[in-house]
Amino acid sequence: MEKIIGNFKFIEASIKDVYIIEPKVYGDSRGYFMETYKESSFNEAGLNYTFVQDNESRSHKGVLRGLHFQKTYPQAKLVRVLEGEVFDVAVDLRKDSLTYGKWVGVILSAENKKQFMIPRGFAHGFVVLSDTATFCYKCDELYHPEDEGGIMWNDKDINITWPYDGEVSLSEKDKKHPSLKESKLNI
């Protein structure tokens, strides 16, 4: 389902409540302009979030961050790429969801300017496909380091098809995440 509201096209992904958002880009020989967020347009689309924190990271090719979530203080995230290209993934961890344990992914890049709206109750991760990528996201809940959780990026039951053939680079923390079955989730 697609909705065009203001300067945004909201496309519901294959998992309910997850959206790919395409902003309208106004460009000419001087460059471009676009709105990346407008509360009234998002609210009209049914995406009623109050964002309280913005984050940014820069990574090199093959870096895989995730799959992350917060246990008690789940975060909705509006993510996009400022430079480079990533494959971004959301995994449904909502206990009563018909799509529990299922994933949806999208390529986000500086070129395509797409955004990904991930609601609360999802694990999130991405792999960098370009030489480098600058990734930014808005969160509707503050980050609580003591509350973080994770699921292994290559969990065979989730079976994410990562479009990267090389060896991924993981943080020490991300190397130790359990599978979804082994996790004791309280989301």
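Structure above, values below:
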item	result
Close pairs from segment 156-175: first aromatic (Phe, Trp, Tyr), partner open to solvent by 40 Å² or more (accessible area, probe 1.4 Å) and part of a loop (DSSP other than H, G, I, E, B), Cβ under 8 Å, at least 6 apart	Trp162/Trp153; Trp162/Asn154
Yes/no for Asp88 being at pLDDT 95 or above, touching a Ser or Thr at 6+ places or on another chain (Cβ under 9 Å) and among the charged types (D, E, K, R)	no
Members of segment 10-21 that are of a type in the set (D, E, K, R) and buried (at least 17 other Cβ atoms within 10 Å of the Cβ)	Asp17
Subset of segment 91-113 [modelled with pLDDT of 95 or more and either of a type in the set (S, T, N, Q) or not in a loop (DSSP other than H, G, I, E, B) (or both)]	Val91, Asp92, Thr99, Trp103, Val104, Gly105, Val106, Ile107, Leu108, Ser109, Asn112
Selection count where residues are open to solvent by less than 80 Å² (accessible area, probe 1.4 Å) and either touching a residue at least 24 places away in the same chain (Cβ under 8 Å) or assigned to a loop (DSSP other than H, G, I, E, B) (or both), scope segment 22-51	15
Within segment 120-150, tally of residues that are part of a loop (DSSP other than H, G, I, E, B) and not polar (S, T, N, Q)	9
Failed condition for Gly66, given (1) part of a loop (DSSP other than H, G, I, E, B); (2) in contact (Cβ under 8 Å) with a residue 40 or more places away in the chain; (3) at positive phi	(1)
Matching entry among Gln70, Gln115 (being closer than 17 Å to Phe8 by Cβ and open to solvent by less than 30 Å² (accessible area, probe 1.4 Å))	Gln115
One residue from Tyr143, Tyr137 being under 21 Å from Tyr49 (Cα atoms) and surrounded by fewer than 15 Cβ atoms within 10 Å (Cβ to Cβ)	Tyr143
Residues (on the phi < 0 side of the Ramachandran plot, open to solvent by 80 Å² or more (accessible area, probe 1.4 Å) and in a loop (DSSP other than H, G, I, E, B)) located in segment 151-187	Lys156, Asp157, Thr161, Asp165, Glu167, Lys176, Lys181, Glu182, Lys184, Asn186
Boolean, Gly121 is of a type in the set (Gly, Ala, Ser), open to solvent by 20 Å² or more (accessible area, probe 1.4 Å) and touching an Asp or Glu at 6+ places or on another chain (Cβ under 9 Å)	no
Residue match in segment 88-98 (condition: touching a helix residue (DSSP H, G or I) at 6+ places or on another chain (Cβ under 9 Å) and on the phi < 0 side of the Ramachandran plot)	no
All positions within segment 79-99 that are open to solvent by 30 Å² or more (accessible area, probe 1.4 Å) and within 10 Å of the chain's Cα centre (by Cα)	Arg80
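The values are calculated or read from the model by the stated rules, or taken from the named source; none is laboratory data. Just so it is clear, the model here is predicted, and its values are computed rather than measured. Cβ atoms come from the backbone with ideal geometry, glycine included; neighbour counts cover every protein chain shown. Calculation scope for accessible area: heavy atoms of the full protein, side chains included, ligands and nucleic acids excluded. Shrake-Rupley method; radii C 1.70, N 1.55, O 1.52, S 1.80 Å.
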